[in-house]
Amino acid sequence: MLRALMYILPLALTIYAFIDCLNTPEDEAKHLPKIAWVFIILLFWVVGPIVWLAAGKVRRAPAGGRTPSEWHRNRRHEWVAPDDNPEFLKSLKDENKQDEAVLKDWEADLRRREEELKKREQGDDAKDGDS
């Protein structure tokens, strides 16, 4: 069991450091470009991940609530209830308008079909009365 731990622990450390390096924004990698850190982590199996964790990354809370993907840049950084979120309320109004338009189209189509059906029934009654 101890022999397996000698291989599993460095492998887990390497995987963790590799993923951490990939998820780190380029401007938070210290001393070297991020691609160089990736190669160091992968080529130097035990030492690379330890060096990355010790000296490769800025270890502080990023300003502005940034995440590694930075997909939410220039968006709200705090949670807002749906009732207080004007964007959400506007999207509800837009969806409501679209739903009303679809409903009006369906109602108009239904009226048209009912009228056609009545005309057919009246036409069939007239043909039956002539015979």
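What do you reckon, is Leu32 hydrophobic (A, V, I, L, M, F, W, C), open to solvent by less than 100 Å² (accessible area, probe 1.4 Å), in a loop (DSSP other than H, G, I, E, B) and at pLDDT 85 or above? Outline the logic, then answer.
Details: hydrophobic (A, V, I, L, M, F, W, C): yes; open to solvent by less than 100 Å² (accessible area, probe 1.4 Å): yes; in a loop (DSSP other than H, G, I, E, B): yes; at pLDDT 85 or above: yes.
Yes, satisfied.
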Being surrounded by fewer than 12 Cβ atoms within 10 Å (Cβ to Cβ) and assigned to a loop (DSSP other than H, G, I, E, B) is the filter here, so list the residues in the stretch 1-29 that pass it. Met1
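The values are calculated or read from the model by the stated rules, or taken from the named source; none is laboratory data. Being a predicted model, the structure only gives us computed values, none of them experimental. Heads up, the Cβs are rebuilt from the backbone with ideal geometry, glycines too, and the neighbour counts pull from every protein chain shown. In case anyone asks, the SASA skips ligands and DNA or RNA and just uses the protein heavy atoms, side chains included. Shrake-Rupley method; radii C 1.70, N 1.55, O 1.52, S 1.80 Å.
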